[in-house]
Amino acid sequence: MVDFAGAAELVRRAELVRQEVPHERGRGAGAELLSVRLAHAERLGNMGWAEWNLRTGAAIWSDQVYAIFGRDREEGPLSLPDLAAMVEPADLDALDRLLWHVVAGVEPVHAEFRVRRGTGELRDLRVVLEPLMAPGGPVGMHGVIQDITGRRRAERMMSESRRQLLEAREQAAEERNVMLALREAILPAPTGCLDLPGARIAVRYVPAEKTASLGGDWFEAATTPDGRLLLAIGDVSGHGLPAIAHMAHLRHALVGLTMTGKPADRLLSWLNDLVLHQLKDTTATAVIGHLDPATLLFTWGQAGNLDPILVRGGLATRLGRPPGVLLGAVSGRPYELARTRLRPGDLLLMFTDGLVERRTRDIDVGLELVLAAAHGLSAHDLEAGLDRLLAQIGGPNPEDDACLLAVAVPEPQEGPEGPGAPEPDGRAAGVRP
């Protein structure tokens, strides 16, 4: 809306030009140029001036007002009653208040209302009027009429866009809460460290910043019937509820197959068949291993997943991974095993690619960041150490979730020694020098 000072200025300028044009008609080219400039200014602002005589009912319009109302100049200007007939019924009160105030005072007044032109087209108008005073009171009114249809349409579009954006954000937040709650119900992360025979376990699930990017990352850490520890981590392709559902299917299948006591390579083969035949159009990565608490021998296989990292004596290195294809990629390709002898004080990191991958950097850069951050990890402050690691590598991935499983082998003084503790000079098979 126009303020009173601005409205008065618009009316004053329009009136000065309107009065000046007739006086200049006898001055030749100067008056003609002034008239052209006025018409050009009116077209640019989509506005024109108008005047109504309250005693005679006569009206005068500039050319642009005819264009605003979609009216031929030969038809002449609209009288005030005819103008009221074009106003949308819901906006008649605005016109009535405008006319009442203009004849009751001396200050410019303004209002907005909609008119429906002869073609049925609805236009938004802003009208600023000022009374024409005489000794006996107001004898007429004059002012400026501006077509603001485009502006109001843009404002309505912006308002609708903001409303839709707000609704989309609220819906996304609700969907995120639902998906996170579903993940938590399917795969609750342990609170604090989980102490299993011969190892201390800590887990971090880091959801993607974007709701639509929540995916199917999972982990498993449990004691098997034969006393070994099952340690597994994986990532199902895709995002949203379908990925979470597939993740639940795959993880529950692994828990059941583990009861067979078969090694990791056989478990991976079965899971590959499951993804190929039951989870259509899906692939998955995984690392599955068994840790023997007595010998600290970690026997493991992988299916398209990144290598685990071994932290030993303050040095972090990637394990040399055995051959293994993505789950669901091809049938009949055998999986192989690797054997890594752990030592008291060792720490093993297993993680999904969302931890290191970013659109803005190469995956090798992310891996180097994780290796550098992992140097300071130890079983003494495993929880706080994982939080520091996540902060040092850049925090959550905006476009993918991540899962991190840390397995710490306690020092002899931290817990009872297993009957088959490794030799002091035992080497970690498969560890890069």
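Throughout, read-outs are computed from the coordinates displayed, never taken from laboratory work. These numbers were taken from a predicted model, which means no experiment stands behind them. Virtual Cβ from ideal backbone geometry, glycine too; neighbours counted across all protein chains shown.
For this structure, a couple of remarks:
- Net charge of Cβ neighbours under 13 Å - reference Thr223; Lys, Arg +1; Asp, Glu -1: -3
- Here the alpha carbons of region 187-414 define both size measures, Rg and Dmax, at 16.4, 50 Å.
- Size descriptor, Kirkwood hydrodynamic radius, that averages inverse alpha-carbon separations across region 297-415, Å: 15.3
- Radius 11 Å from Cβ of Leu355, net charge of other residues (Lys, Arg +1; Asp, Glu -1): -4
- Ratio of the Cα radius of gyration of region 290-334 to 2.2 N^0.38 Å, where N counts its residues: 1.43
- Rounded to the nearest Hz, the phi-derived 3J(HN,Hα) couplings of region 233-238 under the Karplus curve 6.51 cos²θ - 1.76 cosθ + 1.60 (θ = phi - 60°) are 8, x, 8, 8, 5, x, where x marks glycine and proline.
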